[in-house]
Amino acid sequence: MRFSKTCVKNVFTVLLIFIYLLLTAVAAFLAYQTISDFMVKLSQPVMSVTYKEFDSFSPPGIALFPGKAQLLSCKHHHHDYIPPLVQPGKPQEGDCEIIHVTYFGPFTNETEKHALVVRGPGDVRNKELIFMQFSQNETEEDFSAITYMLFAKFSDLTDSANKTEFMRACERNYSIWTFSGGFRTWVKMSLVRTSGKINDAVEFRQESSVVKFNDKRPVSEQTNELFFVVFEWRDAYIQEIRLVVTANPWSSLAILCGVFMALFKAANFAKLTITWIIRMRKRHLRNKVKELRPIT
């Protein structure tokens, strides 16, 4: 019976030590995992997307590169309405604010560019739009198109002391799009602002629809190809993208405190276990000495 009790005590002791080691391993793993997750979230922020509504936007700059094409008209309209064409292909009065800028391209200094920079629409609530018409004589090229570029504020150009360098910087940072002849291209713009770790960026996104122009001019006048383009804001919202760090140092610290408290409790439990084992061992030795004393 004594052997049986001793065996049970030894098994219980081994089981307690195993539980202590298991708790220690789990606590150490949780501490490592918490620190690893915190470092990953700190180095890899997530994107937060919000939309802000405005009644009006700062008029953007619309830089067009017509090449050999001629601007015939540029007019502001509202509420998605464009009146029927009157004498298409003929110069007409316009009401657009236009700045002419000549500069050398930022990538090849030998290429001289001439840009027509138009003050874009700003009244979003009334669906302000700009309708432009270009004409181009016969060309030897296989495809005919006019390229254009959008930048955030027309006032940035007017306030710039060096418009040439301003246009070069815009061409380096903004995308170039095109619209073809013989069609009316309707461009709906949207603005995206991205706040990075160091710098902020502004990006234009666009949706375009194309319809064919039914040329009713006399055959003799149809040698001049016509280009039609409309610029309008898509909606009254600006998309803002921000980088957000989801790592919360306080929650990580709370988890680590709980882990270390568990380790402390486990260590205290192990200390009590070892003390109990030593006490039981001494008691067993004392009892054994008492049993052997009468024999001697």
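The values are calculated or read from the model by the stated rules, or taken from the named source; none is laboratory data. What you are looking at is a predicted structure, and each value in this text was computed from that prediction instead of being measured. No Cβ is skipped: glycine too gets one built from the backbone with ideal geometry, and neighbour counts run over all protein chains shown. Note: accessible area is taken over every heavy atom of the protein model, side chains too, but ligands, DNA and RNA are not part of it. Shrake-Rupley method; radii C 1.70, N 1.55, O 1.52, S 1.80 Å.
Between Arg193, Arg184, the distinction of being closer than 17 Å to Leu72 by Cβ, open to solvent by 60 Å² or more (accessible area, probe 1.4 Å) and in a strand (DSSP E or B) belongs to Arg184 only. Scanning segment 110-125 for residues that are in contact (Cβ under 8 Å) with a residue 40 or more places away in the chain and either of a type in the set (A, V, I, L, M) or outside any strand (DSSP E or B) (or both) yields a count of 9. Annotation: Phe143 fulfils all but one of (1) surrounded by fewer than 17 Cβ atoms within 10 Å (Cβ to Cβ); (2) of a type in the set (Phe, Trp, Tyr); (3) farther than 25 Å from Arg184 by Cβ; the unmet one is (3).
Scanning segment 71-109 for residues that are in a strand (DSSP E or B) and exposed (fewer than 13 other Cβ atoms within 10 Å of the Cβ) yields His100, Thr102.
If you scan segment 31-60, which residues turn out to be of a type in the set (S, T, N, Q), in contact with a strand residue (DSSP E or B) (Cβ under 7 Å, 6 or more places away or on another chain) and closer than 30 Å to Gly258 by Cβ?
If the condition is that a residue be of a type in the set (S, T, N, Q), in contact with a strand residue (DSSP E or B) (Cβ under 7 Å, 6 or more places away or on another chain) and closer than 30 Å to Gly258 by Cβ, then Ser48 is the only one that fits.
Contact annotation: residue pairs with Cβ atoms under 6 Å, 6 or more positions apart or on different chains, pairing a residue in segment 141-161 that is within 15 Å of Ser58 (Cβ to Cβ) with a partner that is open to solvent by 40 Å² or more (accessible area, probe 1.4 Å) and in a strand (DSSP E or B), are Ala152/Val202; Phe154/Arg119. Selection of segment 216-232 for residues being free of Cβ contacts under 8 Å to residues at least 12 places away in the same chain and not in a loop (DSSP other than H, G, I, E, B) yields Val219, Ser220. Condition check for Phe154 on (1) open to solvent by 90 Å² or more (accessible area, probe 1.4 Å); (2) under 20 Å from Ala236 (Cα atoms); (3) not polar (S, T, N, Q): one failure, at (1). For segment 251-296, how many residues meet the condition of being under 14 Å from Ala31 (Cβ atoms), open to solvent by 70 Å² or more (accessible area, probe 1.4 Å) and either modelled with pLDDT under 70 or of a type in the set (A, V, I, L, M) (or both)? Qualifying residue count, segment 251-296: 3.
Pairs linking a residue in segment 11-28 that is over 19 Å from Ile278 (Cβ atoms) to a residue that is at pLDDT below 75, with Cβ atoms under 6 Å and 6 or more positions apart or on different chains, are Leu23/Ala266; Thr24/Ala266; Ala27/Val259; Ala27/Ala262; Ala27/Leu263.
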